[in-house]
Amino acid sequence: MIISSNKSTFKLAAAAAVLFAMIGCDTGKAPDNKPDTTTPASTSPTAPAASTASRKSSTGEGNKYTSGKILIGLVASENGDLRPWGVDCEAGAKLAVAEFNKAGGVGGKEVELRIEDSASKPEQGKSAAEKLIGDGVLAVIGEVASGITAQMGQSCFEKGIPDVAVGATKTTLTDIGNTQFRVCYTDAFQGPVMANFAFKELGLKNVALMTDKKQPYSTGLSESFKATFEKLGGKIVDEQFYETGQTDFKAQLTNLKAKSPDGIFASGYFPEVGPMARQVKEAGLTVKMLGGDGWDSSEILNTGGEAIIGQFFCNHYNNHEDRPAVKTFLDKWKAAYPNNPVPATTMGALGYDATSVVLDALKRSKSLDSKALRDAIEDTDNFAGVSGAITLKGNGGNPPKRAIVVKLTKGGQVFAKAYEPNEVVK
Amino acid sequence: MHLVPNLLAALNFSTLPEQLVNGLLLGAIYALIALGYTMVYGVLRLINFAHGEVYMLGAYVALFASYHLGFGPNSTATSSSLANLLIMLFASMSICALIGVIIERFAYRPMRGQSRIASLITAIGVSLLLQYGGALFLPNSPPPSISENVNPYRGSFVVPLSSPPPSLAIAVKQLGPEAETKNKALQDYLASHPNESEFSLSPAAQPLKDQAQDAQRKLDDAKRELANSGVNITIRNGDVIIFFTSMVLMIVLTYLVRYTKRGRAMRAVSHDFDSAALMGINVNSIITFTFVLGSALAGAGAMMQATFKGTTITTFFGLLPGVKAFVAAVLGGIGNIPGAVLGGLLMGLAETIMVWMGYSRYADAIAFVILILVLLLRPGGLLGSDKVEKV
């Protein structure tokens, strides 16, 4: 009966096909090959730094130091889509711990970094964090992505263990409770930074938005950019939407071209932004392109080709920045990893900073247990991190951080301008 | 009732010609992939869900071929030729054909005597296997893409439909020198002050930058006004190549199916599988032939998409185009070859028109709306037969 066919079977098959395709779409898009937000990010461009509203207090017992080395946990994406960021984060964290132990540790005791792999997956990140907590770590560090951190952070909150996220920028992440911290800026800060840069430094007046409607990260970033850019006096001439995985942007660009923008803010991730830049040039649009830290990958130079050269985006840290802290960090990195002489992504520096914040708090901690350590982390005031000063005191887990605007050149990212948290009109 | 004038006001008819061309060019790729779905369905009554994954593998083959031709991730090669593109096209088509045959031989043929739903689930299984299994072997983090340098035909050309008033061109010419002088003044200042950069100027130099930007903006605005005042169509060279290659491949396919012995046998198998076998047609070899043709077309589509549009390649590369091409095949009438081409072109147009109307947020949903409408109103598709097939 192979050739037999009737309509109802076919309809069933077609329905199954669509259903399957939709399910497929979801799993297919989920791979968060991006460092920041993988699952819902905040869409509200509220300032995070100003709020000192008290967060939920954890009622968990936490862990206590007993004997031997002091255990600190790290959850890193050693495998999966986030591997390039996970590897750098782990290397940065190891560097900080080695340095700390070399300097004598705390009270003559050394710190041991226990590392578990999240395989770039939220569920696995959660079980990795739970395993570390079971092992008796006083604090957990990680992750580079918001989706994974949200899961880990929940477990840590329940058990009363402080968690310091590395590169998770989702604005509402720290609402989990008083055990959740981070060392990076939030999405509500990047948008205003790029709006200031576009309006004041590049002199752009009419900007169009290209938003990835499937990524809450992108929609939130577009919104915060738009709010600030209009406040500064600029005009958003149009907003066009595309979706993750889209390959052809010609129809959207034809619409944009008729609105004569002088800049395009592309708030999505690099796999789409690269080809988009090529197509912007081919569509005959002479515009500046700008974006958020979703552009941060060396692959964007290949996918964007010549069209991406000379465009700007917001980042956490840059190897070429002319600051003593960056130079010292790069020297240490080179000495520790001669085969990999510079961190390939910003997560090297942020992993180092997150770990350093925990270790610094350990020195100030009143006793060697999770509760006292959490209080000490919360008290972090103007800590000199590689990626800028970190102040967690009174900031509800979200440190007001400096952001860096970088320019893409053939040789990679070049530092253009740094913005301190108080320099940005929001 | 005020909705209608609002809708009309948002429409910009000067971009409509370009959008229609965009739609046709976009549809050509859908048509190419849809042919693979429709041919396999025509012969086996099987919806080959793994077709999108064959397409994905075709993109990887093109990627590796480009590496082999010297356009690897760290290469500095900048000049390429038509020969390189043809090598990549041939590699993708032939290896995809081989993969299609392997899938048919080892996944579908053992299931041929079983119920239809078993074959369908096998197809879904193969699709998932290639998506997730492929991720273990194929580079996908960060997702690679084919270097733009392999394509010697970059850029685009403009077809003017109406010419802009000459005064605008004169304005652009007049504004040019001023912008140049102001920019040069800024560059000279920067060259003589090594401690300052474009984004960290001393307050004294700020006016210099403002003047340069103002002059440049006036020039750019005039240029944009010039570009937008007439009705014209900007077409990318890559899209033209994709369109014509697709058309040539479809003509070759039509020739093979209509005028060769194998093609006639294929049509016979499609018409009545058992009777064709009784008439002495080697059904297995015809099915293999069908998979060769369909997969080779998918390979060609993938190579062109990945090369000319710069798309990043992951193992999910075939998912979205696969779904859209499937809808295109159903729209045209699955099992019907001209129907797949028509369906593909209509899908491309429908998506582009949605964007043109200002609904880019819903452009991808149109595929599913069309699918539902087709299944409700004309289950056989536009060109398909509507009669109930015998069971």
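The values are calculated or read from the model by the stated rules, or taken from the named source; none is laboratory data. A quick note: this is a predicted structure, and the numbers were derived from the prediction, not measured. Heads up, the Cβs are rebuilt from the backbone with ideal geometry, glycines too, and the neighbour counts pull from every protein chain shown.
When the range B:200-226 is examined, which residues are found to be within 40 Å of the chain's Cα centre (by Cα) and within 9 Å of chain A (Cβ to nearest Cβ)? Within the range B:200-226, B:Gln213, B:Asp214, B:Gln216, B:Arg217, B:Asp220, B:Asp221, B:Lys223, B:Arg224, B:Glu225 meet the criteria.
Restricting the range B:38-75 to residues that are over 15 Å from B:Ser295 (Cβ atoms) and more than 13 Å from every other protein chain (Cβ to nearest Cβ), the residue that is surrounded by the fewest Cβ atoms within 10 Å (Cβ to Cβ) is B:His68. Regarding B:Thr307, is this residue within 11 Å of another protein chain (Cβ to nearest Cβ), touching a residue at least 40 places away in the same chain (Cβ under 8 Å) and hydroxyl-bearing (Ser, Thr, Tyr)? Answer is no for this residue.
Within the set A:Phe189, A:Phe199, the sole residue that is part of a helix (DSSP H, G or I) and either over 22 Å from the mean Cα position of the chain (by Cα) or within 14 Å of chain B (Cβ to nearest Cβ) (or both) turns out to be A:Phe199. Of the candidates A:Phe181, A:Phe225, A:Phe197, the single residue that is surrounded by 22 or more Cβ atoms within 10 Å (Cβ to Cβ) and in the same structural domain as A:Gly147 (by TED's automatic domain parsing) is A:Phe181.
Taking the range A:254-274 as the range and being part of a loop (DSSP other than H, G, I, E, B) and buried (at least 22 other Cβ atoms within 10 Å of the Cβ) as the test, the residues that pass are A:Pro261, A:Asp262, A:Ser267, A:Gly268, A:Tyr269. Quick one: would you say A:Arg364 is closer than 30 Å to A:Glu61 by Cα, touching a helix residue (DSSP H, G or I) at 6+ places or on another chain (Cβ under 6 Å) and basic (Lys, Arg)? Against the criterion (closer than 30 Å to A:Glu61 by Cα, touching a helix residue (DSSP H, G or I) at 6+ places or on another chain (Cβ under 6 Å) and basic (Lys, Arg)), A:Arg364 qualifies. Selection of the range A:362-387 for residues being of a type outside the set (Ser, Thr, Tyr) and part of a loop (DSSP other than H, G, I, E, B) yields A:Lys366, A:Leu368, A:Asp379, A:Asp381, A:Asn382, A:Val386. State yes or no: is A:Gly284 within 9 Å of chain B (Cβ to nearest Cβ) and buried (at least 21 other Cβ atoms within 10 Å of the Cβ)? The answer is no for A:Gly284.
Condition test on B:Arg236, is it basic (Lys, Arg), within 28 Å of the chain's Cα centre (by Cα) and within 11 Å of chain A (Cβ to nearest Cβ)? So B:Arg236 fits the description; yes. Report whether or not B:Gly339 is outside the structural domain of B:Ala268 (by TED's automatic domain parsing), more than 16 Å from the chain's Cα centre (by Cα) and within 24 Å of B:Gly294 (Cβ to Cβ). Answer is no for this residue.
The number of residues in the range B:361-385 that are modelled with pLDDT of 90 or more and closer than 20 Å to B:Ile29 by Cβ comes to 0. Remark: B:Ile102 falls outside the filter, which requires a residue to be of a type in the set (Val, Ile, Thr), surrounded by fewer than 21 Cβ atoms within 10 Å (Cβ to Cβ), within 14 Å of another protein chain (Cβ to nearest Cβ) and outside any loop (DSSP other than H, G, I, E, B).
Checking each residue in the range A:392-418 for being outside any strand (DSSP E or B), touching a residue at least 12 places away in the same chain (Cβ under 8 Å) and away from every other protein chain (no Cβ under 11 Å) picks out A:Leu392, A:Lys393, A:Gly394, A:Asn395, A:Gly396, A:Gly397, A:Asn398, A:Pro399, A:Pro400, A:Lys401, A:Arg402. For B:Pro165, are the conditions met, namely being surrounded by fewer than 16 Cβ atoms within 10 Å (Cβ to Cβ) and either under 21 Å from the mean Cα position of the chain (by Cα) or free of Cβ contacts under 8 Å to residues at least 24 places away in the same chain (or both)? Spelling it out, it is not the case that B:Pro165 is surrounded by fewer than 16 Cβ atoms within 10 Å (Cβ to Cβ) and either under 21 Å from the mean Cα position of the chain (by Cα) or free of Cβ contacts under 8 Å to residues at least 24 places away in the same chain (or both).
Evaluate the following for A:Ala251: is it buried (at least 24 other Cβ atoms within 10 Å of the Cβ) and without any contact (Cβ under 8 Å) to a residue 24 or more places away in the chain? Yes: the conditions hold for A:Ala251.
Residues are listed down the side, and each one gets a yes or a no for (1) at pLDDT below 90; (2) on the phi > 0 side of the Ramachandran plot:
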| position | (1), (2) |
| --- | --- |
| A:Ala277 | no, no |
| A:Thr286 | yes, no |
| A:Gly310 | no, yes |
| A:Phe313 | no, no |
| A:Thr328 | no, no |
| A:Tyr337 | no, no |
| A:Thr345 | yes, no |
| A:Ala349 | no, no |
| A:Tyr352 | no, no |
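When each of A:Gly167, A:Gly153, A:Gly177 is tested for being at pLDDT 90 or above, closer than 30 Å to A:Leu359 by Cβ and out of contact with any Ser or Thr (no Cβ under 6 Å at 6 or more places or on another chain), the lone residue that passes is A:Gly153. Among the residues of the range A:83-105, just one is aliphatic (A, V, I, L, M), surrounded by fewer than 18 Cβ atoms within 10 Å (Cβ to Cβ) and in contact (Cβ under 8 Å) with a residue 12 or more places away in the chain, namely A:Ala98. Of the residues making up the range A:287-314, those that are buried (at least 22 other Cβ atoms within 10 Å of the Cβ), in a strand (DSSP E or B) and not aliphatic (A, V, I, L, M) are A:Gly291, A:Phe312, A:Phe313, A:Cys314. From the list B:Leu256, B:Leu219, the one residue that fits, being under 27 Å from A:Ala416 (Cβ atoms) and in contact with a Gly (Cβ under 8 Å, 6 or more places away or on another chain), is B:Leu219. Identify the residue in the range A:61-82 that is buried (at least 24 other Cβ atoms within 10 Å of the Cβ), assigned by TED's automatic domain parsing to the domain that holds A:Phe157 and in a loop (DSSP other than H, G, I, E, B) and, among all such residues, is modelled with the lowest pLDDT. Of everything passing the filter in the range A:61-82, A:Asp81 is modelled with the lowest pLDDT. Residues in the range A:237-278 that are of a type in the set (A, V, I, L, M, F, W, C), more than 7 Å from every other protein chain (Cβ to nearest Cβ) and closer than 21 Å to B:Leu20 by Cα: A:Phe249, A:Leu253, A:Leu256, A:Met276.
Scanning the range A:268-294 for residues that are without any contact (Cβ under 8 Å) to a residue 60 or more places away in the chain and of a type outside the set (Val, Ile, Thr) yields a count of 12.
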